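Accompanying notes for the structure given below.
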Amino acid sequence: ACTSAHHPDMQSTKYARIHIEDAWPEVGGINVCLACKERSCIQVCPVEALSWEGHVVLDIDLCIECGECVAACPVKGVQVHPTDGYPLICDTCDGHFSCVKTCPTRAIARR
């Protein structure tokens, strides 16, 4: 759902802004931006390509693909676009929360 919301012609989780770790037999986890108060990703961006507008916003034209935001995220909520190298950060699908709306088991919820 996340990939489709941002890249309608793609069907790969590699482009999603939410990632589910499955470390069987250990318990997996969900890696997604939690909109933390510290906003470390924004603070460390050397070119101010990230800003806050109720969610983290990327100015792709300013981004230099340095990866500082990825390293700074304490919850692994910032992924890297697999081909272009810029950060993939949950933008709530412009408030539509596609992952929440399409989750058949309601395992994903908006808080």
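If only residues of the stretch 1-19 that are of a type in the set (Gly, Ala, Ser) and open to solvent by less than 40 Å² (accessible area, probe 1.4 Å) are counted, the one that is modelled with the lowest pLDDT is 12. For the stretch 64-76, the count of residues that are surrounded by fewer than 16 Cβ atoms within 10 Å (Cβ to Cβ), closer than 23 Å to residue 111 by Cα and either among the polar types (S, T, N, Q) or in contact (Cβ under 8 Å) with a residue 40 or more places away in the chain (or both) is nonzero. Consider residue 22 carefully, then state whether it is at pLDDT 90 or above and within 22 Å of residue 1 (Cβ to Cβ). Answer is no for this residue.
In the condition set (1) over 14 Å from residue 45 (Cα atoms); (2) touching a residue at least 12 places away in the same chain (Cβ under 8 Å); (3) in contact with a helix residue (DSSP H, G or I) (Cβ under 7 Å, 6 or more places away or on another chain), residue 109 is compliant with all but (2).
Checked against (1) exposed (fewer than 13 other Cβ atoms within 10 Å of the Cβ); (2) of a type outside the set (Val, Ile, Thr); (3) under 16 Å from residue 13 (Cα atoms), residue 103 meets all criteria but (1). If you check 73, 63 for being within 23 Å of residue 40 (Cα to Cα) and touching a Phe, Trp or Tyr at 6+ places or on another chain (Cβ under 8 Å), only one passes: 63. Between 87, 82, the distinction of being under 21 Å from residue 6 (Cβ atoms) and at pLDDT 95 or above belongs to 87 only. Against the test of being among the acidic types (Asp, Glu), without any contact (Cβ under 8 Å) to a residue 40 or more places away in the chain and within 26 Å of residue 111 (Cα to Cα), the options 84, 22, 61 yield a single qualifying residue, 22.
The values are calculated or read from the model by the stated rules, or taken from the named source; none is laboratory data. Note that this is a predicted model, so its numbers are computed, not measured. Neighbour counts run over all protein chains shown; Cβ positions are idealised from the backbone, glycine included. Accessible surface is based on the protein model in full, side chains and every heavy atom, while ligands, DNA and RNA are left aside. Shrake-Rupley method; radii C 1.70, N 1.55, O 1.52, S 1.80 Å.
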